[in-house]
Ligand code: CAA
């Protein structure tokens, strides 16, 4: 068993760390306050190859492994989870599915531009009444021969306003249940496609979350990914990989908060000494460090499983479940270590605490991860 990273993985990790410190950190508080999307920063991440990390270089990607991807997610998320979620969605939920299941024409037309970051994508599954219960899609894609007519509303869509390409999951034949669901590639600007208002969120406020409305949108049949009825499995398989990215995001949020708390505890004095010298603080740091290291092992293991061609549904769900809990616990403790300063924006930990919460909700709540895990372990 070898726990060490390769030279290449270490280099990529360092590049992401440098980028986060020099490009993301300077205005992260302002973006959070103003709910401003990191447009320029996303463009630069595209130039660094972070938006199509695992995509084959023949489609404009970086041809890297999933371990490299989680290293980048972790480093970016230490500083700015609003920027890292763009990376996660574009890589895991959009590029991956297109590369794995798209036609050559779809890859040529869409993947090549998504992988370089020239444009970004969105994954549209959730609806006002279908979040966790993903089979209950109300959005319909009615088969009209050479095209589908798409109607419905999608909610909480990450990159909703800024994306150019949307993978939309919709019900074609309700009688067939999950086997009657399709996934269609919808382009911004298609007639009848409207972007709804931006959500005003607790955390990841720099990310661009919208509802979307589809009113008789005509989508050519060549924009369907996979066979008729493949949409639900497409969504499940795509989300299984997406959960590894979000687990890495949660890990990064936790690690970022821990690093700030550790630094602060060695600077701030009380009762005549640095607060790190009080066991009340030192023991908190010991717990944080241990939990983060455990989360890291789960995240890297899930990424390794994917790279080895092994099943990663279980390991990805466990990584997300645990890392997101660690993100929540660690950020709350990091605020506590900072005392009154922890409540003040310029110390960053209150933002990390707010950002942590979404990792327990999107790409499947913690309860959904427990469904996936329990079904998997009880199967045999
Ligand atoms: N890979 C391949 N196929 C899978 C699969 C997987 N990981 N998981 C399920 N399937 C298949 C099953 O084999 C089954 O197919 P068959 O009938 O042919 O055997 C079919 O899909 C239906 O599976 P289930 O019966 O298990 O489905 P279910 O209705 O019980 O739901 C669930 C299972 C795990 C609860 C699922 O609905 C789920 O994951 N829900 C959460 C959805 C979610 O994560 N939403 C988040 C929105 S996206 C987002 O947040 C993006 C963002 O903006 C950041």
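The values are calculated or read from the model by the stated rules, or taken from the named source; none is laboratory data. In this text the structure is predicted, and so the values were computed from the model without any measurement. Using ideal geometry, Cβ is built from the backbone for each residue, glycine included, and neighbour counts are taken over all protein chains shown.
Can you find a residue in the stretch 114-123 that is on the phi > 0 side of the Ramachandran plot and either free of Cβ contacts under 8 Å to residues at least 40 places away in the same chain or crowded, with 20+ Cβ neighbours inside 10 Å (or both)? For the stretch 114-123, residues on the phi > 0 side of the Ramachandran plot and either free of Cβ contacts under 8 Å to residues at least 40 places away in the same chain or crowded, with 20+ Cβ neighbours inside 10 Å (or both): present. Test residue 204 against the criterion of being more than 26 Å from residue 87 (Cβ to Cβ), buried (at least 16 other Cβ atoms within 10 Å of the Cβ) and modelled with pLDDT of 95 or more, and give yes or no. Considered against the rule, which asks whether it is more than 26 Å from residue 87 (Cβ to Cβ), buried (at least 16 other Cβ atoms within 10 Å of the Cβ) and modelled with pLDDT of 95 or more, residue 204 comes out as no.
Answer yes or no: is there a residue in the stretch 47-68 that is closer than 30 Å to residue 140 by Cβ, within 16 Å of the ligand (Cβ to nearest atom), at pLDDT 95 or above and out of contact with any strand residue (DSSP E or B) (no Cβ under 9 Å at 6 or more places or on another chain). For the stretch 47-68, residues closer than 30 Å to residue 140 by Cβ, within 16 Å of the ligand (Cβ to nearest atom), at pLDDT 95 or above and out of contact with any strand residue (DSSP E or B) (no Cβ under 9 Å at 6 or more places or on another chain): absent. In the stretch 221-233, which residue that is assigned to a helix (DSSP H, G or I) and buried (at least 20 other Cβ atoms within 10 Å of the Cβ) is farthest from the ligand (Cβ to nearest atom)? Among them, the one singled out is 223.
Quick one: is residue 177 part of a loop (DSSP other than H, G, I, E, B) and either out of contact with any strand residue (DSSP E or B) (no Cβ under 7 Å at 6 or more places or on another chain) or modelled with pLDDT under 95 (or both)? Against the criterion (part of a loop (DSSP other than H, G, I, E, B) and either out of contact with any strand residue (DSSP E or B) (no Cβ under 7 Å at 6 or more places or on another chain) or modelled with pLDDT under 95 (or both)), residue 177 does not qualify. If you go through the stretch 361-376 and keep only what is closer than 11 Å to residue 132 by Cα, more than 7 Å from the ligand (Cβ to nearest atom) and surrounded by 15 or more Cβ atoms within 10 Å (Cβ to Cβ), you end up with 361, 365, 366, 369. Scanning the stretch 31-46 for residues that are within 16 Å of the ligand (Cβ to nearest atom) and assigned to a helix (DSSP H, G or I) returns a single hit, 42. Within the stretch 180-197, the set of residues being more than 13 Å from the ligand (Cβ to nearest atom), assigned to a strand (DSSP E or B) and at pLDDT 95 or above comprises 182, 184, 185, 186, 187, 193, 194, 195, 196.
Taken over the stretch 97-155, residues that are at pLDDT 95 or above, under 16 Å from residue 225 (Cβ atoms) and within 16 Å of the ligand (Cβ to nearest atom) amount to 11. Between 308, 249, the distinction of being out of contact with any strand residue (DSSP E or B) (no Cβ under 8 Å at 6 or more places or on another chain), within 23 Å of residue 71 (Cβ to Cβ) and touching a residue at least 12 places away in the same chain (Cβ under 8 Å) belongs to 249 only. You will find that of 319, 295, the residue that is closer than 20 Å to residue 4 by Cα, within 16 Å of the ligand (Cβ to nearest atom) and modelled with pLDDT of 95 or more is 319 and no other.
Tell me, which residue of the stretch 338-360 that is within 17 Å of the chain's Cα centre (by Cα) and surrounded by fewer than 22 Cβ atoms within 10 Å (Cβ to Cβ) is farthest from residue 299 (Cα to Cα)? Checking each candidate, the answer is 354.
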